[in-house]
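Written below as structure tokens is the structure these notes are about.
The values are calculated or read from the model by the stated rules, or taken from the named source; none is laboratory data. Since the model is a prediction, treat every value here as computed from it, not as a measurement. For neighbour counting, all protein chains shown are included, and Cβ atoms are generated from backbone atoms with ideal geometry for every residue, glycine included. Note: accessible area is taken over every heavy atom of the protein model, side chains too, but ligands, DNA and RNA are not part of it. Shrake-Rupley method; radii C 1.70, N 1.55, O 1.52, S 1.80 Å.
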Amino acid sequence: MFANYNYDNFPIVKVDLSGTILSNDDFTNFTQQWLELYNKKEYFEFIFDTKKCGLVNPKYCLYTALFIKSIKKQKIQYLKNSKIYVYNKYIYKLLQIIFYIEKPVAPVEILLYNKDEYISTKKISN
């Protein structure tokens, strides 16, 4: 499974992104769990860890941007903010594409690392 959601520290939800998206079903699973959080009608925060993320087909940038656009239509935005830990420049570029196409639902911090060494933080507002 590409996205593993951990709810142990709710309202902080940790999402480990591992491997790559093998099919549209993997992507649907990722977005469906996100929607289920909205259905709870409780505020939450995301922490995405991309350390084990492989090469993802760039078409999923567009799919993610469209998903974010659809989430914005919700009457209440339960997502308060997100942190995304990024360990390679390819994933960082994909995130830049996503947020160029569509601004995030809530403020995002992208923390860029080279291996385990912190490099920089980029903040993106909604």
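Values computed for the structure shown
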quantity: Hey, I76 of a type in the set (V, I, T), assigned to a strand (DSSP E or B) and free of Cβ contacts under 8 Å to residues at least 40 places away in the same chain or not; calculated: no
quantity: Some residue of the range 21-44 being in contact with a Leu (Cβ under 9 Å, 6 or more places away or on another chain), under 24 Å from Y92 (Cβ atoms), open to solvent by 40 Å² or more (accessible area, probe 1.4 Å) and not in a loop (DSSP other than H, G, I, E, B); calculated: no
quantity: Qualifying residue in the range 109-118 (condition: open to solvent by 80 Å² or more (accessible area, probe 1.4 Å) and part of a loop (DSSP other than H, G, I, E, B)); calculated: yes
quantity: Candidate set from the range 10-20 (those that are assigned to a strand (DSSP E or B) and within 15 Å of K40 (Cβ to Cβ)); member that is farthest from the chain's Cα centre (by Cα); calculated: I12
quantity: Residue within the range 10-20 that is under 21 Å from V86 (Cα atoms), modelled with pLDDT of 95 or more, open to solvent by less than 40 Å² (accessible area, probe 1.4 Å) and touching a Ser or Thr at 6+ places or on another chain (Cβ under 8 Å) present; calculated: yes
quantity: Selection count where residues are touching a helix residue (DSSP H, G or I) at 6+ places or on another chain (Cβ under 8 Å) and surrounded by 16 or more Cβ atoms within 10 Å (Cβ to Cβ), scope the range 45-58; calculated: 3
